[in-house]
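Taking it in order: structure first as structure tokens, then the write-up.
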2 protein chains.
Amino acid sequence: MLESKKYLLQESDIPTSWYNVVADMKVKPRPILNPTTKEPMTAEDLYPLFAEELARQEMNDTDRWIEIPDEVRDMYRIWRPTPLVRARGLEKMLDTPAHIYFKNESVSPVGSHKLNSAIPQAYYNKKQGVTNITTETGAGQWGAALSMAAKHFGLELAVYMVKVSYHQKPYRRSIMQTYGAQVIASPSMSTKAGRRILTDTPNYQGSLGTAISEAVELAMSTPNCKYTLGSVLNHVALHQTVIGLEAEKQMEMAGEYPDVVIACFGGGSNFAGITFPFLRHNFTGERNTRFIAAEPSSCPKLTRGVFQYDYGDEAGYTPMIPMLTLGHNFSPANIHAGGLRYHGAGSVVSQLKQDNWVEAVDIPQLETFKAATMFAQSEGIIPAPESSHAIATAIREALKAKEEGVQKTILFNLSGHGLIDMAAYDSYIAGDLSNYEVSDEEVARNISTLEKLI
Amino acid sequence: MLESKKYLLQESDIPTSWYNVVADMKVKPRPILNPTTKEPMTAEDLYPLFAEELARQEMNDTDRWIEIPDEVRDMYRIWRPTPLVRARGLEKMLDTPAHIYFKNESVSPVGSHKLNSAIPQAYYNKKQGVTNITTETGAGQWGAALSMAAKHFGLELAVYMVKVSYHQKPYRRSIMQTYGAQVIASPSMSTKAGRRILTDTPNYQGSLGTAISEAVELAMSTPNCKYTLGSVLNHVALHQTVIGLEAEKQMEMAGEYPDVVIACFGGGSNFAGITFPFLRHNFTGERNTRFIAAEPSSCPKLTRGVFQYDYGDEAGYTPMIPMLTLGHNFSPANIHAGGLRYHGAGSVVSQLKQDNWVEAVDIPQLETFKAATMFAQSEGIIPAPESSHAIATAIREALKAKEEGVQKTILFNLSGHGLIDMAAYDSYIAGDLSNYEVSDEEVARNISTLEKLI
């Protein structure tokens with residue numbers, strides 16, 4: 001820790017525009033489809049579900065830069081710019097020639113990067129006169145961020161929280177309630193989608209797919225109410241690019257350029273956030289950086305899923321998205337990285353993976369907690385179980401560099417801290433955690449149900 | 001939140017010296033006494049208990065500035081300088097003409113100001129060749145900070161954690177364990193002091209006084225082991241003055257000077273930290289700032305205690321300290337602000353209070369949680385239950401300014417965040433918390449046992 005070095009920016013360095021990677025993609029992602037007609041959707045088609053400006057951002061494939069409203073930038077100032085840190089403590093512990101940097105998104109008041117998109121989503125809804133919003137949350141990072149933003153802009157918020165996380169992480173529920181949001185464990189009896197699942201599988205512990213179904217259903221059946229999502233979609237990825245845009249400037253301050261950029265992967269929001277701004281220099285041929293998405297072995301859509309049109313939610317309410325997916329019925333194991341328990345990847349990252357612009361690895365749960373503990377003891381910060389997938393991958397890369405005797409510059413995104421996840425650390429210390437590998441049969445079974453969709 | 005403004009310093013602004021208020025006090029605090037002989041103690045007398053440099057700092061009443069070692073400053077850089085924030089969101093919510101500023105010490109990796117002293121304490125012990133240290137912790141803020149610092153400097157650490165907090169805040173225990181410390185619920189069967197209490201009062205939920213006895217006993221009976229303390233003593237207050245020294249510069253950036261400076265009060269460490277640097281300008285007559293210590297109504301030593309020689313711990317192992325005290329046997333109610341459950345105030349603050357340089361107020365638990373929730377909803381940060389005493393006091397002062405129609409500049413210390421204290425917020429939301437007032441009889445009874453001491 002002693003040796004670690006922070007690179008700090010000024011408030012004036014907070015980006016003034018988000019970077020829209022789709023504008024630069026030679027092979028654009030395929031269109032999302034209306035779940036009933038199977039026809040490509042327009043921004044207007046999304047207006048019933050999302051605030052109009054967010055729907056337009058979702059469909060924008062031409063404008064490279066999208067201006068950040070002053071009201072949003074003003075709120076970013078509460079904690080942005082975030083530090084970039086050279087993790088010399090971790091380097092020393094690993095005895096590696098690699099230089100390891102991390103972007104510290106855990107310093108936000110809610111403890112994660114999720115606030116980067118929660119603020120503009122609340123802002124655009126408020127601006128349009130929406131009064132109520134709904135959302136889902138896994139581990140509660142997104143729900144906590146949106147609760148804070150909703151309170152600030154005076155919106156009523158209902159959050160469907162995946163049941164396993166609701167019980168594993170009661171403090172995040174309390175955080176949302178303290179900010180004034182209503183929190184419902186999902187599946188719940190408050191929606192048709194929830195009731196159907198609870199009838200079929202009474203003890204089902206929930207998934208992000210089911211929670212999305214419930215949040216969408218509530219939004220569609222409530223006047224002046226819109227739905228919001230914390231990951232997967234293009235507009236969410238767009239908002240998160242402030243991470244990478246700042247990191248780019250900070251790597252320049254450090255006099256280095258990353259050989260590899262790493263982030264954990266659930267729906268893709270923090271991965272997009274840190275990688276897309278660097279990726280644009282690969283598009284131009286100027287750079288040849290590697291980008292690695294770190295997913296849990298128990299939910300391996302990027303490494304073992306199929307590229308297919310699939311629903312974003314379990315009940316099939318959402319548009320059909322071209323995604324690397326394990327099938328919208330996939331029921332992920334109860335790992336503590338609740339934010340990574342999602343069956344599919346967004347359309348942009350899926351296309352980029354198909355076209356070999358980005359790579360993916362899957363990490364078993366025990367390796368992530370080992371990495372997390374090493375990081376806590378060498379850098380002083382207790383990481384979120386989700387972020388620990390990125391740390392474990394960075395450690396793999398750093399040890400490979402040591403084995404090969406090459407210098408390498410590694411950048412990863414510390415998407416959040418783990419202070420609300422200490423029960424998970426407790427289980428790890430007690431030796432109670434396991435790895436939850438998914439069998440080939442289970443993957444095949446899920447994917448086979450999917451084939452019928454399109 | 002939108003309107004709130006941060007004042008940020010550069011790393012080069014981290015103070016290079018701590019401010020030793022004792023050097024400037026016209027009436028010095030009375031000496032601490034050997035508990036057996038009742039004779040004044042020297043620094044050398046403290047060497048068996050504390051690292052020698054810390055013992056010398058404890059007794060130093062002549063040097064106004066004490067240089068911060070480079071190794072300590074390097075670690076301060078992990079999170080310092082901390083932001084000063086103009087809380088316009090809170091001002092707006094209160095509709096007050098007062099300007100409210102807070103120093104945000106919650107941004108440290110362990111979530112509180114305690115790291116400011118944990119680092120030098122671990123450093124000086126390591127430098128002297130000590131291998132093992134012990135300490136006590138209430139809510140766990142100090143224990144978490146010392147665990148991180150001890151791991152960094154390669155010291156083995158045993159922490160006695162007050163039993164009520166051990167159960168109320170299991171996540172802080174896990175944090176300490178993740179950093180590699182050993183944590184024991186106090187009172188425990190591992191010490192004579194603990195066994196005596198558990199024999200007398202089998203269900204006793206512990207107090208800081210008892211936990212100190214156990215930590216001191218373990219240190220004294222273990223080879224090459226020293227004791228460390230997170231508050232009360234002069235050297236701890238000294239280390240915490242980085243808070244006020246930074247805040248002084250930042251208030252200057254904001255173009256204001258505080259009319260009143262507020263901090264919560266347990267043993268006095270964060271209160272000393274933010275107030276002493278400003279107090280020195282009162283000493284010279286240059287300024288006339290008010291300083292308010294905010295203590296819980298359930299543990300009111302500053303407002304209702306007596307000024308008397310008393311032990312720092314329950315078993316009477318420590319030196320006798322001239323303190324405002326409720327008696328070392330005082331058993332505070334199980335409020336969630338575990339860090340404030342201590343029977344006495346340090347000798348310096350006690351003397352300053354006697355000489356009217358500082359004021360004190362006591363705040364009931366429910367008022368602190370109401371204030372905390374207002375702060376979370378207007379400024380986005382969920383505060384520690386301890387810090388909420390300072391917020392409640394700042395709100396009282398801001399509402400008084402509104403009533404009187406006067407502008408006033410208020411500065412308070414946000415000593416820590418409350419993310420590990422969400423169970424307390426849960427109880428508050430559920431209506432399960434109460435105020436735990438102390439009866440006059442209880443105070444009188446405790447103080448009467450004390451009279452016999454000297």
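The values are calculated or read from the model by the stated rules, or taken from the named source; none is laboratory data. A quick note: this is a predicted structure, and the numbers were derived from the prediction, not measured. Backbone-built Cβ (ideal geometry, glycine too); neighbour counts: all protein chains shown. Surface areas here come from the heavy atoms of the whole protein model, side chains and all, with no ligands, DNA or RNA. Shrake-Rupley method; radii C 1.70, N 1.55, O 1.52, S 1.80 Å.
Here are a few things to note about the model shown:
- Accessible carbon and sulfur surface of segment A:137-199 relative to its total accessible area, %, 1.4 Å: 50
- Bridgeable lysines around A:Lys127 (alpha carbons under 18 Å apart, same-chain partners fewer than 8 residues away excluded): A:Lys151, A:Lys226.
- Excluding ligands, DNA and RNA, the accessible surface per residue across segment B:13-124 is 36 Å² with a 1.4 Å probe.
- The value for segment A:1-140 of Rg(Cα) / (2.2 N^0.38 Å) is 1.34.
- Surface accessible to a 1.4 Å probe, B:Asp440 within the full protein complex, Å²: 100
- Computed per residue of chain A from DSSP H runs no shorter than four, each worth -39500 (n - 2.57), the mean residue ellipticity at 222 nm is -12000 deg cm²/dmol.
- Rg/Rh (Cα only; Kirkwood hydrodynamic radius) as it applies to segment A:231-322: 1.03
- Beyond 16 Å, the tail of the calculated P(r) for segment B:162-249 holds 64 percent of the Cα pairs.
- Charge tally around A:Ser165: other residues with Cβ under 12 Å, Lys/Arg +1 each, Asp/Glu -1 each, net +2.
- Overall form of segment B:278-395 per C-alpha gyration tensor (a/c, 1.5; a/b vs b/c): oblate
- Radius 14 Å from Cβ of B:Asn435, net charge of other residues (Lys, Arg +1; Asp, Glu -1): -4
- Loop-located chymotrypsin sites (Phe, Trp or Tyr not before Pro) across segment B:169-209 with a Cβ neighbour count of 14 or fewer within 10 Å are lacking, with loop assigned by DSSP.
- Net charge of the neighbourhood of A:His328, taken over other residues with C-beta under 10 Å away and scored Lys/Arg +1, Asp/Glu -1, is -3.
- Order of exposure, largest accessible area first, which applies to A:Thr199, B:Thr210, A:Thr303 with probe 1.4 Å: A:Thr199, A:Thr303, B:Thr210
- In this calculation the C-beta distance from A:Asp355 to A:Met253 is compared with R0 = 45 Å, giving a FRET efficiency of 0.90.
- Based on alpha-carbon atoms, the Kirkwood radius and the radius of gyration of the protein assembly as shown give Rg/Rh equal to 0.98.
- Nearest chain A C-beta to the A/B rotation axis, reported as residue and distance in angstrom, is A:Leu419, 2.
- In summary, the helical segments of chain A meeting the span-like criteria, namely a full DSSP H run, a Cα extent along the axis of 24 angstrom or more and a mean Kyte-Doolittle hydropathy of at least -0.5, are A:387-404.
- When DSSP beta bridges are restricted to pairs lying wholly in segment A:44-181, around 35% turn out antiparallel.
- Distant-in-sequence amide H partners of A:Gln308 (H built 1.01 Å from N, under 5 Å): A:Met323, A:Leu324, A:Thr325
- 10 Å Cβ neighbours from other chains, averaged over peptide B:105-115: 2
- Heavy-atom accessible surface of segment A:249-399, averaged per residue, reaches 24 Å², computed with a 1.4 Å probe.
- Separation of segment B:138-194 from segment A:374-417 is 27 Å, based on Cα centroids.
- Cβ neighbours within 10 Å from other chains - mean over B:374-385: 4
- Sequence-distant contacts, meaning Cα pairs under 8 Å at least 6 residues apart, place the relative contact order of segment B:262-381 at 28 percent.
- Among B:Tyr309, B:Phe283, B:Cys299 - extreme Cα towards positive end, dipole of segment B:279-319, charges at beta-carbon: B:Phe283
- Each part reduced to its alpha carbon centroid, segment A:7-64 and segment B:42-72 end up 60 Å apart.
- Rounded to whole Å, the principal axis extents of the Cα atoms in segment B:75-147 read 55, 26, 16, largest first.
- Normalising the Debye intensity of segment B:309-454 to I(0), with uniform scatterers on Cα atoms only, and taking log10 at q = 0.09, 0.16, 0.18 Å⁻¹ returns -0.35, -1.01, -1.16.
- At least 30 Å² of accessible area lost relative to the chain alone, listed for segment A:150-168 with a 1.4 Å probe: A:Lys151, A:His152
- With the cut-off at under 15 Å, measuring from each backbone N in segment A:367-396 to a point 7 Å along the Cα-to-Cβ line of A:Tyr436 picks out A:367-369, A:385-389.
- Area buried, chain A against chain B - accessible surface, total, 1.4 angstrom probe, square angstrom: 3800
- Estimated Rh, chain B: Kirkwood, alpha-carbon pairs, angstrom: 21.6
- Per-residue shielding of B:425-432, expressed as the average number of other chain Cβ atoms within 10 Å of the residue Cβ, stands at 2.
- Solvent-accessible surface ranking, highest first, for A:Met323, A:Met41 at 1.4 angstrom: A:Met41, A:Met323
- Across A:Lys353/A:Lys402; A:Lys92/B:Lys126; A:Lys370/B:Lys114; A:Lys370/B:Lys126, pairs whose alpha-carbon gap is larger than 22 Å: A:Lys353/A:Lys402; A:Lys370/B:Lys114; A:Lys370/B:Lys126
- Here the peptides A:380-386, A:363-369, B:217-223 are ranked by packing, the mean other Cβ count within 10 Å, and the order with the highest first is A:380-386, A:363-369, B:217-223.
- Approximate spin-label separation B:Ser12-A:Ser448, in nm, with each point projected 7 Å along Cα-to-Cβ: 6.9
- Residue range of chain A that is longest and free of trypsin sites (Lys or Arg not before Pro) which are both DSSP loop and sparsely packed (at most 11 other C-beta within 10 Å): A:39-451
- For segment B:400-443, the percent of C-alpha pairs falling in each 5 Å distance bin, counted from 0 to the bin holding the largest distance, reads 5, 13, 11, 10, 13, 20, 21, 7, 0.
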